[in-house]
Amino acid sequence: MFSKMKVLQVIPKLGYGGAETGCYDLAHFLAEKDCKSYIVTSGGPLLKFIKKNKVKVIRLPVQSKNPILILLNTIILTLIILFLKIDIVHARSRAPAWSCLLSCFFTGRKFVTTFHGTYNFSNKVKKFYNSVMVRSDLVIAGSNFIFDHIHENYNDLLTSKKRILVIFRGINTDYFSNSSVTNEKISKINLDLKLSPETFKILLPGRLTKWKGQEMFLESLSLLRVKYGRDNFQSIILGDHQGRKVYFKKLLSMVEQYRLKKNVIFVRHLSEMPVIYYISDVVVSSSIEPEAFGRVSVEAQAMQKPIIASDLGGSKETIKDKKSGFLFKNNNPDSLAENLNNLIDMGKDKLQSIGNEGRKNVLIKFDVEKMCQSTFAEYKKLLKI
């Protein structure tokens, strides 16, 4: 029975986010464990990397919040579960989770959810919609911060029969490794982005949206110049505005206002993330609202780079403050500027020491293999095998 476990993961879209890469990694891990591994998704750029001889993909419009489509997906998922004799259905987002919940009710299969974010709610309807993520047999929280959020906001739905636990998100530490970066790739990115080898490079990854704190970050760069007299730095703001053109224009005008044109470079997308981490001297996570996990912090540490992050949310769990990185006061440009200035003053040996500590931290707690092994062990407990 053990070798024939059949797992169906359901996710709206296979992009490059944490939930998506986690789904991808687990699907291939299960296949290596001689399980039958399936993914239901609407599409996405990660699809082209799926090893089709190991993981079967079924395309359905599971990204939709349309109630009619949710019901239609429920019917199709029910048929898929019965036809493929699925043992476990694992949902990673709210809209498809409703279809999965109903399908598992009709078929008697085990239902698992991973709570990837805090899913803010402004009214009872929104809270009810979010609550599907705790209506499963097993609820996986991606961090202690999310675990606490679930207990604070959905405690009335948590029964003694329901299992809830923390499994930290994992990243591929072979991919996010200095050894994966070639001199050719370094030369190309330096040329493409017109980066100078003489400058101190500050990387800020993350989609361009207000809560990610790009405005506050630019204020801190202005302070770095004016208050601390630093000018020999280049900052790469890496992320797509995803249609938020007004916000992007505001960031551009702030660069003009603070006279940072020669210090700031905007990049919408890079396919080789390890390379941009590699050439950076420090990585920043400037979110002004809590990160549920803090994937940037983990990736930076895996690449042996010091990370400076806001002192809230999941970042407080992923960073060993003053050892593998630094926490600054949330939404405080003075605090961020001070931390950046201190890092610029540090010698290469000290920066390397911080980087080494970060890599060690990730290998112990946030390796993808550990995440997959822990999830697989919980699957077996559910099926009592």
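Read-outs throughout are calculated quantities, based only on the coordinates presented, and are distinct from any laboratory measurement. Please read all numbers here as calculations on a predicted model, not as lab measurements. Note: ideal-geometry Cβ built from the backbone for every residue, glycine included; neighbour counts use all protein chains shown.
Just one of the listed residues (Phe200, Phe233) is out of contact with any Lys or Arg (no Cβ under 6 Å at 6 or more places or on another chain), within 23 Å of Ala302 (Cβ to Cβ) and either small (Gly, Ala, Ser) or touching a residue at least 60 places away in the same chain (Cβ under 8 Å) (or both), and it is Phe200.
If the condition is being hydroxyl-bearing (Ser, Thr, Tyr) and farther than 15 Å from Gln9 by Cβ, then the range 97-141 contributes Thr107, Thr118, Tyr119, Ser122, Tyr129, Ser131. Residues in the range 244-287 that are closer than 19 Å to Val226 by Cα, in contact (Cβ under 8 Å) with a residue 12 or more places away in the chain and either buried (at least 17 other Cβ atoms within 10 Å of the Cβ) or hydroxyl-bearing (Ser, Thr, Tyr) (or both): 7 in all.
For the range 210-234, a residue qualifies if it is surrounded by fewer than 16 Cβ atoms within 10 Å (Cβ to Cβ) and assigned to a loop (DSSP other than H, G, I, E, B), and the qualifying residues are Lys227, Tyr228, Gly229, Asp231, Asn232. For the range 326-333, the count of residues that are in contact with a Lys or Arg (Cβ under 9 Å, 6 or more places away or on another chain), closer than 26 Å to Cys23 by Cα and buried (at least 17 other Cβ atoms within 10 Å of the Cβ) is zero. Could you tell me whether the range 1-13 includes any residue that is among the hydroxyl-bearing types (Ser, Thr, Tyr) and part of a helix (DSSP H, G or I)? Yes, that holds for at least one residue. You will find that of Ile354, Ile308, the residue that is over 19 Å from the mean Cα position of the chain (by Cα), of a type in the set (Val, Ile, Thr) and over 16 Å from Ser177 (Cβ atoms) is Ile354 and no other.
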